[in-house]
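Only one structure is covered here, and it is reproduced in the block below.
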Amino acid sequence: MKYAVIIEKAKENYSAYVPDLPGCVATGRTSVECEKEIHDAIVFHLKGLKQDGLPAPQPTSICEYNEA
């Protein structure tokens, strides 16, 4: 499954979250580090759901870029 990931630039770092996985968040000093951390967070989150006998949510969020 592919989950949409939102990465935002903060004052001194980057933060990321997954709209379809509430509570699945990560931070990093760089965008690349943040991408790695959110990937690890997604894997950890899904393993936790599985261990609790819960299904992985189907991705429903859509990401697109638009030029203005």
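Working out 0.36 nm times the residue gap between residue 47 and residue 13, then minus their Cα-Cα distance, what length gain in nm do you get to one decimal?
Working: separation 34, 0.36 × 34 = 12.24 nm, distance 2.68 nm.
Gain in length upon complete extension: 9.6 nm.
Whole angstrom only: what separates the Cα centroid of segment 3-23 from the Cα centroid of segment 37-68?
For segment 3-23 versus segment 37-68, the Cα centre distance is 11 Å.
Order these peptides, 40-49, 54-63, by their mean beta-carbon neighbour count within 10 angstrom, highest first.
Numbers: 40-49: 14.8, 54-63: 10.8.
Descending packing order for the listed peptides: 40-49, 54-63.
Listing 9, 2 from the residue with the fewest other Cβ atoms within 10 Å to the one with the most, what is the order? Display every interim value, and only then the final one.
On the way: 9 10, 2 6.
Final ranking by Cβ density, sparse to dense: 2, 9.
Treat the count of other C-beta atoms within 10 Å as a stand-in for reagent exposure and order 37, 64 from fewest to most. Don't skip to the end; give the middle numbers.
Numbers: 37 18, 64 5.
Taking fewest neighbouring Cβ atoms as first place, the list is 64, 37.
Across all directions of projection, what mean area in square nanometres is found for the Cα convex hull of segment 6-51? Kindly include the intermediate steps, with their values, before the conclusion.
On the way: hull surface 11.6 nm².
Mean projected area of the Cα convex hull: 2.9 nm².
Throughout, read-outs are computed from the coordinates displayed, never taken from laboratory work. Everything numeric in this text was worked out from a predicted model, so none of it was measured. With ideal geometry, Cβ positions are generated from the backbone for all residues, glycine too; neighbour counts draw on all protein chains shown.
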